[in-house]
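Scroll down for the structure; my scribbles are underneath it.
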Amino acid sequence: MKVALGRVYKNFSLNVNMGKLRLIKVYVVGEVTAPGDYNVNSLSTVINALSAAGGPTKNGSLRNIQINRNGKVVETVDLYDFFLKGDKGKDIRLQPGDTILVPVIGPVAGVSGNVRRPGIYELKGEHTLKDLLALADGINPSGYLQRVQVYRVQAHDKKMVTDFNLDLNGDKRVDEVAAGIAVQDLDLVKVLPIDSVLHGYVRLEGHVLRPGDYALKPGMRVSALLGGDSLLPEYYRGTGQIIRLLPPDLHPEIVLFNVASALKGEPTSDLELKEFDRVRIFARKEMEETPFVKVSGEVQRPGQIRYFENMTVRDVLIQAGNPKMTAYLKHAEISRVKKVGDVVTYFPIQVDLESAMNGGNGNLKLEPFDELNVRRLPNWAESTERYVNLSGEFVFPGIYPIYKGERLSSVIERAGGFTDRAYVKAARFTRENARKLQQQRMDEALAKAEQDITNLQAKMAQTAASPEDVASSKTTLEGLLRSVEVLKSKKAEGRMLIEVTSLRELKGSIYDLELQGGDQLSVPSDPGGVNVIGDVYNQNTVVTQQGQNLDWYLKQVGGPTKDADTDEIYVVKADGTVVSQKNSGSFLWYNTFWHKGLDSGDTIIVPHQYEKTAWLKDIKDIAQVLGNIAVTAGVLVAAGLKF
């Protein structure tokens with residue numbers, strides 16, 4: 001301000017003091033939230049006073065607000081001018097004592113649906129549908145002009161609905177048609193949406209680069225839709241399909257066409273497209289069996305390989321990671337299938353892999369489902385097939401490669417022979433092939449024993465003579481079941497029983513076995529004792545005494561207990577053989593079994609005597625089977641004892 005005055009006056013001073021605006025009292029009455037008198041500043045307008053009173057209620061008019069001054073109406077305010085147009089021309093400044101009256105709302109009409117500003121509007125001079133739609137700022141492009149509904153209340157009578165067509169009618173525009181339709185209090189105008197269904201398109205889907213909807217042009221054909229780069233590699237050239245909606249009910253039907261012919265523009269396949277057509281292109285793998293060739297034998301990655309056009313032997317060998325060093329490259333074999341009508345035959349084709357790898361005459365062209373077998377070099381053996389393990393009392397124990405036809409005595413000589421501490425009677429020879437066979441039989445025997453125990457439990461529960469028999473047999477059978485579960489976790493040793501006394505006597509004997517890969521021979525030192533286990537008073541190992549027999553060793557551990565089955569005592573010799581009373585010589589009451597001399601490493605096993613029940617024989621048979629399985633697994637236990 002000082003700068004502005006300085007342009008006119010010279011040598012002056014300016015002081016400005018701001019005081020508080022004075023308050024004036026006005027009255028807000030009628031349909032407002034909080035009617036009453038209000039002290040407002042002297043610069044306040046009608047809208048300020050209405051805001052202070054909380055604004056008109058839902059029953060208050062927004063279009064006929066009166067300002068009374070000195071008993072006269074000095075202004076009537078229409079708030080729609082402000083809310084809808086932003087016009088504050090009649091928002092006059094108030095004076096002391098002014099009264100603002102908000103009367104009851106006048107006639108109203110509603111607009112809903114596809115208009116720009118749906119709502120309920122108070123009518124003041126609006127008598128036609130054109131006027132009402134103007135308050136709602138017009139109809140959206142998505143509004144359906146052919147059917148605009150008006151829900152109307154016939155005063156004190158009924159409700160009814162009327163449909164109007166506002167679409168262009170001759171030279172008349174929409175607003176001209178709407179201007180001829182009257183509206184009245186409580187009318188509700190509903191502008192429905194246009195059809196949401198997309199028109200003027202066809203859809204491309206399936207094995208294509210850009211699936212989706214495409215604009216349908218007049219005379220558009222399949223080739224125009226599929227042209228350019230629409231198709232993905234390896235599309236199926238034989239058949240495509242069109243799902244077409246046919247009148248009058250637009251039911252779908254499938255129309256097939258040849259894709260390759262359509263792309264060439266052949267009229268029989270290059271069909272003209274119709275609205276809503278769905279064109280589907282298939283992938284080749286969906287419609288055809290994927291051809292393959294198979295490679296087996298001495299390659300890095302044997303297995304099935306997808307067949308490609310013009311694939312050769314060299315191509316498939318590269319795909320399989322090339323032949324191994326063990327491969328025999330002079331001759332390989334291709335097995336080829338030939339199909340003539342319903343007759344299928346197979347025939348071999350010999351191929352030189354060296355020539356094939358160099359691109360020569362052996363690099364034959366393959367056909368689908370060929371099988372190439374790459375053989376191994378003669379006499380080549382894998383590491384698991386070429387080594388045996390000698391452990392224990394050898395001069396040079398360790399793992400030794402073996403040669404074709406080599407025997408046990410030969411590899412022992414290469415290991416320097418036995419040491420002075422070697423106890424050859426307890427030599428343990430194991431073989432993988434024997435182990436697999438023993439494991440198979442062991443699994444079968446355990447499964448049968450488990451089934452027998454289960455059957456015996458059921459049978460016993462039905463036919464037991466007394467509760468005591470039931471309880472006793474149940475306890476015994478449960479113990480046998482636990483033994484079965486323990487034995488399931490054990491593995492067969494694969495031990496083969498051989499008799500070795502010295503290297504010299506081994507040579508040329510029946511025990512001088514031809515070796516196989518994975519064979520193991522273990523020779524311990526003299527254990528110096530005889531083991532006694534089972535139902536004896538003191539399970540222990542007794543120091544070996546030359547000339548002492550089985551009966552003497554039993555006495556050293558207190559002898560069998562009262563629960564022992566002395567008729568079933570047996571001895572597992574250090575070399576793995578078993579001696580029992582049944583396979584020992586006898587004369588009258590004399591049995592040589594009790595007077596047999598024992599060697600270091602032998603084990604005397606005293607089985608448990610089961611109670612005399614009706615099921616004694618069955619239980620003993622099962623226990624005997626479990627004992628035999630335990631020996632096979634190299635677990636020396638007495639049948640009936642906990643493992």
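The values are calculated or read from the model by the stated rules, or taken from the named source; none is laboratory data. All values reported here derive from a predicted model rather than from experimental measurement. Backbone-built Cβ (ideal geometry, glycine too); neighbour counts: all protein chains shown. Surface accessibility is based on the protein's heavy atoms, side chains included, excluding ligands, DNA and RNA. Shrake-Rupley method; radii C 1.70, N 1.55, O 1.52, S 1.80 Å.
Between F12 and F83, how many nm apart are label points set 7 Å from Cα along the C-beta direction?
Placing both labels 7 Å along Cα→Cβ, they lie 4.9 nm apart.
Under 27 Å from the Cα of K448, which lysines turn up, not counting those fewer than eight places away in the same chain?
Candidates past the 8-residue exclusion: K436, K459, K474, K488, K490, K491, K582, K612, K617, K620, K642.
If you roll a 1.4 Å probe over the heavy atoms of the protein chains, what accessible area per residue do you get for region 213-327, in Å²?
Details: 6650 Å² over 115 residues.
Result: 58 Å² of accessible area for each residue.
Take the alpha-carbon centre of region 419-433, take the same for region 172-207, and report the distance between them in whole Å.
101 Å
Provide the percentage of antiparallel DSSP beta bridges, counting only those with both residues in region 1-130; round to the nearest 5.
Details: 21 of 25 bridges.
Here the share of antiparallel DSSP bridges comes out near 85 percent.
For region 301-418, give the magnitude of the charge dipole about the Cα centre (Cβ charges: +1 Lys/Arg, -1 Asp/Glu; no others), in debye to the nearest 20. Provide the component values of the computation, followed by the final result.
Working: 15 positive and 14 negative charges, 17 e Å.
The dipole of region 301-418 has a size of about 80 debye.
According to the square roots a ≥ b ≥ c of the eigenvalues of the Cα gyration tensor, what is the shape class of region 97-160, taking rounded for a/c under 1.5, prolate for a/b larger than b/c otherwise, and oblate for the remainder? Walk me through the numbers before you get to the answer.
On the way: a/c = 3.02, a/b = 1.48, b/c = 2.03.
The shape class here is oblate.
Under 16 Å from the Cα of K10, which lysines turn up, not counting those fewer than eight places away in the same chain?
Here the lysines satisfying the reach criterion relative to K10 are K2.
Could you rank the peptides 155-167, 188-200, 317-329 by their average count of other C-beta atoms within 10 Å per residue, with the highest value first? Show your work: numbers first, answer last.
Numbers: 155-167: 11.3, 188-200: 13.1, 317-329: 16.1.
Peptide ranking by packing, descending: 317-329, 188-200, 155-167.
Semi-axes of the equivalent ellipsoid of region 306-346: what are they in whole Å, largest first, if each equals the square root of 5 times a C-alpha gyration tensor eigenvalue?
Values: eigenvalues 137, 43, 10 Å².
So the equivalent ellipsoid measures 26, 15, 7 Å along its semi-axes.
Percent of accessible area on region 244-399 owned by carbon and sulfur, 1.4 Å probe? Display every interim value, and only then the final one.
On the way: 5000 of 9570 Å².
Looking at region 244-399 in its full context, I get 52 percent from C and S.
Where the centre of each part is set by its Cα atoms, how far does region 348-416 sit from region 1-72, in angstrom?
Spelled out, the Cα-based centre of one part sits 110 Å from the other.
Restricting attention to the alpha-carbon atoms of region 185-247, what are Rg (one decimal) and Dmax (integer), both in Å?
Every Cα atom of region 185-247 included, Rg and Dmax give 18.8, 69 Å.
How much length would be gained if the chain were fully extended between I243 and L263, taking 0.36 nm per residue of separation minus their Cα-Cα distance, in nm to one decimal?
Difference between extended and current length: 5.3 nm.
Hey, any idea what % of region 76-133's accessible area is carbon plus sulfur with a 1.4 Å probe? Don't jump to the answer; show the numbers that get you there.
Working: 1580 of 2930 Å².
Using a 1.4 Å probe with all protein chains present, region 76-133 comes out at 54 percent carbon and sulfur.
Quick one: accessible surface of F396, probe radius 1.4 Å, all protein chains present, in square angstrom to the nearest 10.
Estimated to the nearest 10 Å², F396 gives 120 Å².
Starting from the exponent 0.38 and prefactor 2.2 Å, build the expected Rg for region 227-334 from its residue count and divide its actual Cα Rg by it. Don't jump to the answer; show the numbers that get you there.
On the way: Rg = 22.2 Å, N = 108, 2.2 N^0.38 = 13.0 Å.
The value comes to 1.70.
Applying 1/(1 + (r/R0)^6) with R0 = 25 Å to the Cβ-Cβ distance of E234 and T345, what FRET efficiency is obtained, to the nearest 0.05?
Working: r = 31 Å, r/R0 = 1.23.
E between E234 and T345, to the nearest 0.05, is 0.25.
With label points built 7 Å along Cα→Cβ from the Cα atoms of V74 and R482, find their separation and express it in nm.
About 11.1 nm, to one decimal.
If the cut-off is a Cα-Cα distance under 15 Å, which aspartates and glutamates reach K158, setting aside same-chain residues fewer than 8 apart in sequence?
Once the sequence-local aspartates and glutamates are set aside, what remains near K158 is D185, D187.
In deg cm²/dmol, rounded to 500, what helix-only [θ] at 222 nm does the chain give when every DSSP H run of at least 4 residues adds -39500 (n - 2.57) and the total is split over its residues? Don't jump to the answer; show the numbers that get you there.
On the way: 17 runs with 151 residues, N = 643.
Helices in the chain give a 222 nm mean residue ellipticity of -6500 deg cm²/dmol.
With no solvent and one equal point scatterer per Cα, compute the Debye intensity ratio I(q)/I(0) for the chain at 0.08 Å⁻¹ and report its log10, rounded to two decimals.
Each listed q corresponds, in turn, to -0.90.
I'd like to know which of I139, I510, L62 lies farthest towards the positive end of the charge dipole of the chain, counting +1 on Cβ of Lys and Arg and -1 on Cβ of Asp and Glu.
Working it through, the farthest residue towards the positive pole turns out to be L62.
Would you kindly state how much longer the chain becomes between S509 and T33 on full extension, computed as 0.36 nm times their sequence separation minus their alpha carbon distance, in nm to one decimal? Write down the numbers at each step before the final one.
On the way: separation 476, 0.36 × 476 = 171.36 nm, distance 12.22 nm.
That pair, S509 and T33, stretches by 159.1 nm at full extension.
Over all alpha-carbon pairs in region 39-93, figure out the percentage whose distance exceeds 19 Å. Mind showing how you got there, number by number?
Numbers: 388 of 1485 pairs.
For region 39-93, the share of Cα pairs beyond 19 Å comes to 26 percent.
By how many nm would the segment from A447 to E333 grow when fully extended, if each residue of separation counts as 0.36 nm and the alpha-carbon distance is taken off?
Numbers: separation 114, 0.36 × 114 = 41.04 nm, distance 4.39 nm.
Gain in length upon complete extension: 36.7 nm.
Please state, rounded to one decimal and in Å, the Kirkwood hydrodynamic radius that region 513-568 gives when every pair of distinct Cα atoms enters the mean of 1/r. It would help to have the intermediate numbers written out before the result.
Values: mean 1/r = 0.0726 Å⁻¹.
After inverting the pairwise mean of 1/r, the radius is 13.8 Å.
Let me check I've understood the local charge: for R306, count other residues with C-beta under 14 angstrom from its C-beta, Lys and Arg +1, Asp and Glu -1. What total comes out?
Working: positive: R284, K285, K294, R301; negative: E234, E288, E289, E309, D315, E367, D370.
Around R306, the surrounding residues sum to -3.
Could you count how many Lys pairs in region 217-323 have their Cα atoms under 21 Å apart, skipping same-chain pairs fewer than 8 positions apart?
Details: K217/K264; K217/K274; K264/K274; K285/K294.
Taking region 217-323 as the scope, the lysine pair count is 4.
Once amide H atoms are built 1.01 Å from N in the peptide plane, which residues 5 or more positions from G30, or in another chain, come under 5 Å H to H?
V102
Just need the relative contact order of region 1-140 here, percent rounded to a whole number, with Cα pairs under 8 Å and 6+ apart. Before the final figure, lay out each step's value.
Details: 238 pairs, mean separation 29.9, N = 140.
Taking the mean separation of contacting Cα pairs over the length of region 1-140, I get 21 percent.
Hey, any idea what % of region 494-554's accessible area is carbon plus sulfur with a 1.4 Å probe? Please list the in-between numbers first.
Working: 1420 of 3200 Å².
Roughly 44 percent, rounded to a whole number.
Would you grab the residues whose amide H sits under 5 Å from the one on F394? Only those 5+ places off in sequence or on another chain, please, with H modelled 1.01 Å from N.
The answer is T419.
Defining a contact as two alpha carbons under 8 Å apart and six or more residues distant in sequence, what relative contact order in percent does the chain show? All intermediate terms of the calculation are to be shown ahead of the outcome.
Numbers: 1214 pairs, mean separation 46.6, N = 643.
Taking the mean separation of contacting Cα pairs over the length of the chain, I get 7 percent.
Within 9 Å, Cβ to Cβ, of V148, how many net charges do the neighbouring residues add up to if Lys/Arg are +1 and Asp/Glu are -1?
Working: positive: R147, K190; negative: D163.
Residues close to V148 contribute a combined charge of +1.
Under a point-charge model restricted to the Cβ atoms of Lys and Arg (+1) and Asp and Glu (-1), what is the dipole moment magnitude of the chain relative to its Cα centre, in debye to the nearest 20?
Values: 79 positive and 79 negative charges, 529 e Å.
In debye, rounded to 20, the chain gives about 2540.
Based on the Cβ-Cβ distance from K474 to N433, what FRET efficiency comes out when R0 is 56 Å, to the nearest 0.05?
0.85
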